[in-house]
Amino acid sequence: MNFRDLALVLLLGLTACRDATAPFRIDDRGIPEAAAIVQLTFSPKHDHAPAWSRNGDSVYYSAHGFDVFGTRPGVLLSVPRGGGMAQRLFDRLQAGLFVPWIAAPVVSPAGDRIAFVFLTQVLALGVTCPPPSNTLSCAPAEPPESEPVLVKGRVTVRRFDATGPLAGDLSLDIDYDGRDFDSSRNPFGLPGVELFRAHPFQQVFTVDTLFAPRVSWAPDGTRLVLSDGLRLLIWNVGDAAAAPVPGTDDGAWPAWSPDGEWIAFTRYTRSGSSRIFCTCSGPFGITGAQERTLWSITGAVLTLVRPTTGELLELGEGEAPAWAPDGAWLYVRRGGQIWRLAADGSTAERVPNTDRGHEPAVSPDGGRLAFTRAAENGRFDVWVVALD
Amino acid sequence: MRKNSPCHRTLWAAAGLLLTPRGFAAWALLALLAGTASAQTTGSILGRVLDGDTGEPLAGAEVRVLQPPLRTIAAEDGRFILVAVPTGQRSVRVERIGYRTTTLEAVLVRASRTTELRVELKASAVAIEGVVVEGGGIRLIEPDVHVTHDVVLGHELRELPVDRMAEAIELAPGVSDGHFRGGRVGQEVYVLDGLVVKNPLEASTQGFGLELAPSSLDEVEVLTGGFGAEYGSALSGVVNLVTRRGDPERWRGRASLLTDHWAPASLLRGFTGLSASAGGPLRFLGSGTTLFVDLLAQGMLDAEPRARGLTCLEPADVDSTFAAEIERMREGFATRGLHCPYTAPALPFQRGDKLIGFLRFDRPLSSELGLTATLLRNRFERELFTPEFKYNRDYQLGQRNIGTLATLALDWSRHRRGSAYHVTARAAAMRIDRHLGALDPWTFRDRFRVAGFGAADFRFLGEDFVRRPINDQLAEARAVPGYLRPGGATGSPFGPAAEGIFSTSGTPDIANWSRSDFLAADLVGEYFSARGASLRTGGSSKFYRIESYERTDSHLPGSAPNYARFYPATVSSFLETRLLTEEDDITVELGVRLEGFRSGLSFRADRGDFLAPTIDTEWNLFVMPRLGAAMPIPGTRGRTVARFNYGRVAQPPDFRYFLDTTIGDSLRTDIQRQGNPALSFERGAAYEVGLSQLLGESVALSAAYFRKELTNLVAGNVPLAGVREGQFSTADFGEVQGLELSLRGSWRLLTVRAGYALQRAQGTVSTALDDSIGDPDAARETLPLAFDRRHSADLAIFTGRASGATARWGAALTATVQAGYPLDRRAAAGDTLLLDRPTYLPWTAVLDARASFELGSVPGCARCAWGIVADARNLLGRENVLALRRENGRVGPPLEQVLALARTQPLPEPIPFESPRYSRAADLDGDGLITDVEYQTVRRAAALDRFDPSLFFGEARQVRFGVEMTF
């Protein structure tokens, strides 16, 4: 090839190969994949209950208020484990005006289903009196600020490829103890007295909206362990009722071990109760009465129960336990941060960078730990930290 | 309006016959009988044969043009006339018994012009070999021509640094940016091989509608004053285009490939052009049968070079308060990234391509009758950069124009001693189809392209749907398929703060198309005497079918389109005579032209009253006298020539004014008006006087003063009788006057053309103020017309083979210096007039150059040669501001306008990092939350970015290189 031919080829090559100005490409979420710790969510409201997708690429969580949903609580979201754009897990389930409060998502061992609790009734604890009442009087002390109280929930198992309404999913209704109406007591000629019982799990929910009665899959994918706030229950998915697990009073935060032998949970210990009696009064006299019973939480004990035998094993302080995939380790909240404990109780060590951490969840490969952390404003966000 | 009347159905059924060859021939014959009008595509040779020794006239000499063969005999006084001579350089042979045969080579013949020859034969007692002499070349002054015109010859066109025919036309004095002598775009007419062609629907916005490659033209003549009675439907100018025909002797061709893809990013506009043409004999069809074909393919990665990129507003573009805001943004640690977040020297979504194919077939049917058929098809398409869709990767706006023109001409001539007859009959069919809408993403993602050029047409979303019968569309009441609600902001660098400012999702909302078809026929008969007198007459008729469709809110189901189909028609006829005084020194042309048009629409003047009577539009007729005279000044030995001309001119308004539309009229008020099918002609009267002086033997200087009064221009209305408020009327009027100087110089290796125009174009605003109802005069205000360039100067220098010389190299340089347009400060919307006197934009200057050098022959092809070409545009790199904002006379908007766009409700909730709406650029403190303060700050930046000034500048600097091959 002579110079002339070469020049022609070069010219043609230049002509054919250069392309137009590239359109704008935005890439403003570039958190390094290898970062030791990543803040996944920055929501000004609570983000709770992180759970890993089956392949470990994403973290599912329950957000209070997100995007177009404004202040709606319990929107079920998925976010890439390295950070980035969150998306609703079920577009059609949570769209428009109807946004059910969904808590505690957890993926089935086979990865084809997800279990969560649909909080069907959550009431605000009424410390303000309804009209025409205009005065609230309590004795012997003023009650805490108004926060929601759990009343009813529905454990739901939904296939990832489901498109129908929630009503078509396998579910189990749960009544959480905490609110009653005592019509046998008629002070001031009223028809009854409204009773509120602030059990430990209700207090946890009231203060931080932490959903302690969460669910956990058995490794065989046929059963779920859950809590009604006062004890653990095992539900054969699809049955009409769940069976209580003996010896798990005040048990919450259940977590089934990978080998199916043990269920880890947190037993809240409580001291004696105190009562506050409140009345609402207005121009026509007293129009309502409430009685609140509060217990003091004295501890959170990490406990293992063997569901087949009822054998119990206490491993010291520990809240919201999570199993490592190999079943050798448990990750719990202890002393305001995440700890790693040997399942036999022989070893305990702090997980670095997990100050103020809660709700740990270990990735399927065991290499990462998702957890929630309370920010300075008290609101929880989801973080991911690399494990050694 | 009445659609599909029986009359129209019959007409279009007849038109359908054109699809068969027999039908087309029958229709062409019918057209011949109907009569028509057109300009000439050939020229004539007028001369006198004299005895070289005695100077006495020689009667009986035979004068012949060799190709194509034409022959006549000199009259008693030695005079002869040859008509129907194709343009270009011709050989003329003169023979007479007893005299040595003389052949004049390279006699330049030009369309519609007469080449004068004086032939002296030497006596010879015996037959000996003839002599060859150089024929007549370019005439620097023309004693017999009373018009103002400028001509670019074919060999010049091929060497000029131009991509489009329009760029060559710009070199004529008095033409700038498509405005001829201060007229609005569309006030000119294009005459293609004698056939008047115009974009009837929207010439004022879309221009000609057809385009020819410069390499397919033999000659471009631009007339800006004194055009004769043969030219109609033009107020300001005529462009006479003569296409090339194949060489009857042998095949010749030329191909070139130019590109700027090698250039650095700052110079890259992504231009690649392939031009190829070839023409030669088709001997198997008989002697003299020729074919010429031309193909132009251009790919453009940045199809709008009038941009300085996506650079957003700089402090210098805006007032001081606004500038301080921008400075603050640029200097702030967190906000500096918000200024010009996306800049590039070229624009994305500006890609496009152009494809022009032309074919011309010439065949002599007898010694006196010739047939010419041409087929032109062009396609121009481009993605349209729209600031609001700047960050939308999926959907963009695009436009595609496809034009097709087929013509058939029969040319009959008969020469007699001292006279000649010439009759031309033409028939033509044309379609101009324009589509504007949201592009199917396939177009810019998957369409196969090489260097920006793609063979496949652009695809548009829902094109099939919007071209379906309108009743079907309405019955379905659905959104245009594929159209999505525009909106969103995710994907822009401003994130949610850009909502309502940028649309990063959905499609542009408009679907718009128009189609103009016409069938035309014309017939021209001419008589010429060898003394130079002539009589010409002819007529033309055109039948149109116009369709116009526009749908906004195309994503909404059931949004109704504006649609119209109607059948206008035009007719014209003319009579023109050319007379010479006995001494041949004064040439006078007298002519009269009749034009008529009919919109073909029926309508109710009051749409609010469905009982109002329906009005059928009538024929509009207008008679236009034309007069011109030219003469050499006595005592100057023909070196000084004076000329004068006067004429009434008229053109039908753009047909789109019959329909509801928004226009930028002659005063750029951008008014939206109700269509008025009863509009009459836009009219004018023009006269000019001129003087030409030959300086030495190689330079001529010409001066002309002209004055043009334009009346009945389409405008918003004044409350005139019979016209409803808010409806188009023809009530604007204006006046243009000016002085033009031009210089022509011609030497052996150099041709120089220079021109200067001083003009003043003023219009009278007829749009009424509210308080002037009933007294229109009270509202009238005289202002400079929007295209009133006071000064413009052009220079073109041709050297080497560009000047017509035989050389291995050629170069052409063009320069243009122009005063700026008036800055119109009236409000962009509505009719409110801020009656301050406009100021003028700064001057612009452009210097372009092209050079070529032949390197040698091509191996394996003895007759082939190849060389290299360099082509540079806007060598000076001047910015050349073409327009400024009316509100403040600057490139950038007032600060209040940006703030108004940015103004929004506070955020109800901060936007967290994991939200799809989150953008790091908007999270100025990097805490993972976009707060209200951040939101508002970024929103201002987004609004600023939306006002990028991309299209206010002249052509960007470009440099191209390429290769060229000839054979």
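The values are calculated or read from the model by the stated rules, or taken from the named source; none is laboratory data. Just so you know, these numbers come straight off a predicted model, no measurement behind them. Every residue, glycine as well, gets a Cβ built from its backbone with ideal geometry; the counts of neighbours run over all protein chains shown.
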Of the candidates B:420, B:373, the one satisfying the condition of being of a type in the set (Gly, Ala, Ser) and crowded, with 22+ Cβ neighbours inside 10 Å is B:420
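Right, residue A:251: under 17 Å from residue A:117 (Cβ atoms) and at pLDDT 95 or above or not? It would help to see each step written out before you state the result.
Numbers: under 17 Å from residue A:117 (Cβ atoms): yes; at pLDDT 95 or above: yes.
Judged against the criteria, residue A:251 is a match.
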Given the conditions (1) out of contact with any Leu (no Cβ under 9 Å at 6 or more places or on another chain); (2) free of Cβ contacts under 8 Å to residues at least 24 places away in the same chain, every one holds for residue B:454 apart from (2)
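Yes/no per residue for (1) at pLDDT 50 or above; (2) in contact with a strand residue (DSSP E or B) (Cβ under 6 Å, 6 or more places away or on another chain):
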residue: B:12; (1), (2): no, no
residue: B:23; (1), (2): no, no
residue: B:26; (1), (2): no, no
residue: B:29; (1), (2): no, no
residue: B:44; (1), (2): yes, yes
residue: B:51; (1), (2): yes, no
residue: B:63; (1), (2): yes, yes
residue: B:85; (1), (2): yes, yes
residue: B:95; (1), (2): yes, yes
Of the listed residues (B:940, B:885, B:920), the one being basic (Lys, Arg), within 14 Å of another protein chain (Cβ to nearest Cβ), more than 30 Å from residue B:160 (Cβ to Cβ) and crowded, with 16+ Cβ neighbours inside 10 Å is B:920
Filtering segment B:390-399 for residues that are surrounded by fewer than 23 Cβ atoms within 10 Å (Cβ to Cβ) and within 12 Å of another protein chain (Cβ to nearest Cβ) leaves a count of 2
Filtering segment A:166-204 for residues that are part of a loop (DSSP other than H, G, I, E, B) and exposed (fewer than 14 other Cβ atoms within 10 Å of the Cβ) leaves a count of 5
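Quickly run through segment B:899-917 and pick out the residues that are more than 12 Å from chain A (Cβ to nearest Cβ) and surrounded by fewer than 20 Cβ atoms within 10 Å (Cβ to Cβ).
Those that are more than 12 Å from chain A (Cβ to nearest Cβ) and surrounded by fewer than 20 Cβ atoms within 10 Å (Cβ to Cβ): B:899, B:900, B:901, B:903, B:904, B:905, B:906.
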Scanning segment A:347-385 residue by residue, the ones that are hydrophobic (A, V, I, L, M, F, W, C) and more than 17 Å from the chain's Cα centre (by Cα) total 3
When (1) under 29 Å from residue A:259 (Cα atoms); (2) out of contact with any Pro (no Cβ under 8 Å at 6 or more places or on another chain); (3) small (Gly, Ala, Ser) are applied to residue A:229, the one that fails is (2)
Going through segment B:450-462 in order, the residues found to be within 10 Å of chain A (Cβ to nearest Cβ), buried (at least 19 other Cβ atoms within 10 Å of the Cβ) and more than 24 Å from the chain's Cα centre (by Cα) are B:451
Exactly one of A:344, A:326, A:388 is acidic (Asp, Glu), over 18 Å from residue A:210 (Cβ atoms), part of a loop (DSSP other than H, G, I, E, B) and touching a residue at least 12 places away in the same chain (Cβ under 8 Å), and that residue is A:326
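Determine, yes or no, whether residue B:576 is assigned to a loop (DSSP other than H, G, I, E, B) and under 30 Å from residue B:47 (Cβ atoms). Let's see the steps before the verdict.
Details: assigned to a loop (DSSP other than H, G, I, E, B): no; under 30 Å from residue B:47 (Cβ atoms): yes.
Considered against the rule, which asks whether it is assigned to a loop (DSSP other than H, G, I, E, B) and under 30 Å from residue B:47 (Cβ atoms), residue B:576 comes out as no.
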Of those in segment B:852-882 that are in contact with a strand residue (DSSP E or B) (Cβ under 8 Å, 6 or more places away or on another chain) and in a loop (DSSP other than H, G, I, E, B), the residue surrounded by the most Cβ atoms within 10 Å (Cβ to Cβ) is B:880
Just to be sure, is residue B:545 surrounded by fewer than 22 Cβ atoms within 10 Å (Cβ to Cβ) and touching an Asp or Glu at 6+ places or on another chain (Cβ under 6 Å)? yes
| Does residue B:937 fit the bill of being hydroxyl-bearing (Ser, Thr, Tyr) and more than 29 Å from residue B:324 (Cα to Cα)? | no
Cβ pairs under 7 Å, 6+ apart or interchain, first in segment B:894-915 and at pLDDT below 90, second part of a helix (DSSP H, G or I) and basic (Lys, Arg), ordered by first then second residue, are B:904/B:939
Counting only residues in segment B:341-370 that are surrounded by 19 or more Cβ atoms within 10 Å (Cβ to Cβ) and of a type in the set (A, V, I, L, M), the one nearest to the other protein chains (Cβ to nearest Cβ) is identified as B:346
Selection from segment A:237-276 of residues more than 23 Å from the chain's Cα centre (by Cα), exposed (fewer than 15 other Cβ atoms within 10 Å of the Cβ) and part of a strand (DSSP E or B) yields A:271, A:272, A:273, A:274, A:275
Among residues of segment B:371-389 being closer than 22 Å to residue B:299 by Cβ and of a type in the set (A, V, I, L, M), the residue nearest to the other protein chains (Cβ to nearest Cβ) is B:384
When residue A:207 is run through (1) part of a helix (DSSP H, G or I); (2) in contact with a strand residue (DSSP E or B) (Cβ under 9 Å, 6 or more places away or on another chain), the failure sits at (2)
Exactly one of B:580, B:590, B:601, B:575 is crowded, with 16+ Cβ neighbours inside 10 Å, at pLDDT below 90 and farther than 20 Å from residue B:678 by Cβ, and that residue is B:580
Scanning segment B:943-967 for residues that are more than 28 Å from residue B:894 (Cβ to Cβ), within 13 Å of chain A (Cβ to nearest Cβ) and not charged (D, E, K, R), the one surrounded by the fewest Cβ atoms within 10 Å (Cβ to Cβ) turns out to be B:965
Among B:307, B:278, the single one that is within 13 Å of chain A (Cβ to nearest Cβ), among the aliphatic types (A, V, I, L, M) and crowded, with 17+ Cβ neighbours inside 10 Å is B:307
Only one of (1) at pLDDT 90 or above; (2) more than 8 Å from chain B (Cβ to nearest Cβ) does not apply to residue A:33, and that is (1)
Counting only residues in segment A:86-101 that are at pLDDT 85 or above and within 14 Å of another protein chain (Cβ to nearest Cβ), the one surrounded by the fewest Cβ atoms within 10 Å (Cβ to Cβ) is identified as A:87
